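The block underneath contains the structure these notes are about, expressed in structure tokens.
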Amino acid sequence: MHKIEKLFDINIVLMTLFSSVETIREEKNIELIYDMESTIPRELRGDPDALLRVLSKVLTFICENTDQNEIVLSLDAPEDFVYEEFISFTINETHIGKEKIRKFLEVNLHDDLEILDGKIVYEKDADIQLDIPFMISELGHRRHYRLPDISMLGKKVLLICQNEAIAHSIEKMFKYFLYDVDVGVDVFKAQGSDLTPYDILIVDEHLNTEEFEHSIARIQQNIPLKYVLLKDAHIVESKMISVSTNLIKPVTEESVYELIISLFNNKTARRDVRSHSKMNVIDLEKLLHFKKDDEKCQDPNNKIQESLEAMIEKRREMDLPILDKVIGEANTKNRGLTYTNELKLFLDTFDRSDLYFREIVNQRSISKIKEFCIDLERHAKLIGAESMFKLAETLSLIFVYDKLDMLPIYPGKYHIELQKLLEAIKKELQLK
């Protein structure tokens with residue numbers, strides 16, 4: 001069998017993987033976190049398609065069978081990645097039986113692992129470990145990310161995120177660039193609750209409040225502090241008074257690299273000599289939306305509680321484009337597809353689908369409705385149909401929260417949304 005040795009970016013594979021399992025993750029309310037060691041090269045030679053198939057199968061299996069609300073996929077490689085080395089892809093704490101995992105791996109991954117020359121490693125402390133060999137893109141290229149200017153070095157970061165796995169992963173990625181990272185409110189309080197020494201403040205969006213933003217804006221008048229929101233994918237951008245930019249999940253070494261460059265892209269600038277004569281003290285616990293212990297006990301998934309009606313209302317207020325060509329072209333390019341072909345496929349697949357949707361809703365055929373919504377969500381996201389994707393997400397929430405009595409109002413909503421989208425697609429394809 002001929003082994004493929006194609007040059008690819010591991011970050012692109014991970015981002016595509018995140019999207020490929022997005023529907024089932026959101027249905028099961030599962031967070032996917034990448035924990036990448038600094039030894040992982042940015043560019044590799046191998047078969048990215050086979051790798052994506054393997055990881056997609058594994059994550060889909062875990063999502064379908066786990067009772068956990070987060071999955072951490074760890075990537076590790078030898079310190080000296082000289083030519084060809086094994087990269088370990090490891091997942092722990094799935095709460096799935098060892099025998100069930102073993103059977104799945106041996107039956108479902110055999111062919112693709114054979115293509116990759118990979119192997120299943122049975123370790124006592126790992127639920128799943130796959131070791132797959134890849135070649136480095138350039139011999140002797142040890143440092144995989146290089147910041148383009150000296151002014152971007154020597155920064156100090158304060159990271160506030162209640163999810164320990166995410167915080168640990170991001171901390172590790174910043175330390176690759178030799179940044180000094182403090183994690184958590186307790187560490188910040190131990191430092192005197194003073195923001196003066198910090199160059200970057202990263203806060204999970206779920207903790208952010210308007211009052212906190214205004215407090216940061218006042219502090220930014222004294223010190224050049226960059227305020228970054230850690231946000232979920234598919235966010236809607238909003239202008240905030242103090243926010244410099246966003247860091248979008250899933251976080252990879254690549255996204256941290258790009259974040260640093262976007263924050264400190266002035267090549268003539270040098271590190272500010274900060275005066276510590278005036279402190280910039282702030283009470284994070286008072287201003288941020290931290291959950292109390294009793295709230296955590298009431299929420300087994302440790303998520304911010306919102307009613308379904310509030311979520312739907314929030315989505316209704318979003319002014320999203322019918323068809324965003326820029327997003328659609330980026331999505332299809334990342335998957336090796338052609339944008340116009342995917343538009344035609346959507347047209348062929350969903351033309352007159354409003355009649356079918358009304359029929360299965362009237363029949364209360366739950367399995368068919370679920371299947372239709374998953375298909376719609378996937379296709380809408382791919383082509384950049386942001387408004388339709390929002391509607392499909394809302395329909396998914398109805399199933400997640402078991403509010404099937406709300407379904408009858410949606411055939412009409414879908415009919416209107418579909419007509420607008422089909423018209424936009426035909427206009428893009430220059431069809432009458």
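Odds and ends about this structure:
- Accessible surface of the chain, 1.4 Å probe, proportion on carbon and sulfur as whole %: 48
- Taken over the stretch 89-172, the ratio of Cα radius of gyration to 2.2 N^0.38 Å equals 1.58.
- For the stretch 325-432, the gyration tensor built on C-alpha atoms gives a prolate shape. Its axis ratio a/c (a ≥ b ≥ c) is at least 1.5, and a/b is the larger of a/b and b/c.
- Rg/Rh (Cα only; Kirkwood hydrodynamic radius) as it applies to the stretch 1-102: 0.98
- Entry note, the chain: the mean residue ellipticity at 222 nm calculated from DSSP H runs of n ≥ 4, each adding -39500 (n - 2.57), is -14000 deg cm²/dmol after division by the residues and rounding to the nearest 500.
- Residues Asp319, Asp112, sorted by accessible area with the largest first, give Asp319, Asp112 [1.4 Å probe; ligands and nucleic acids excluded].
- Applying the criteria of a DSSP loop state and at most 15 other Cβ atoms within 10 Å to the GluC sites (Glu not before Pro) of the stretch 1-40 yields Glu5.
- Max-minus-min Cα coordinates of the chain on each principal axis give 70, 56, 49 Å, with the largest extent listed first.
- Multiplying the residue separation of Gln221 and Arg358 by 0.36 nm and subtracting their alpha-carbon distance yields 43.7 nm.
- Solvent-accessible area per residue for the chain (1.4 angstrom probe, square angstrom): 52
- Modelled spin labels at Asp125 and His214, positioned 7 Å past Cα toward Cβ, are 4.9 nm from each other.
The values are calculated or read from the model by the stated rules, or taken from the named source; none is laboratory data. The structure displayed is predicted, hence computed values, not measured ones. Note that we place each Cβ from the backbone using ideal geometry, even for glycine, and neighbour counts take in every protein chain shown. Heads up: the accessible areas ignore ligands, DNA and RNA and are worked out on the full protein's heavy atoms, side chains in. Shrake-Rupley method; radii C 1.70, N 1.55, O 1.52, S 1.80 Å.
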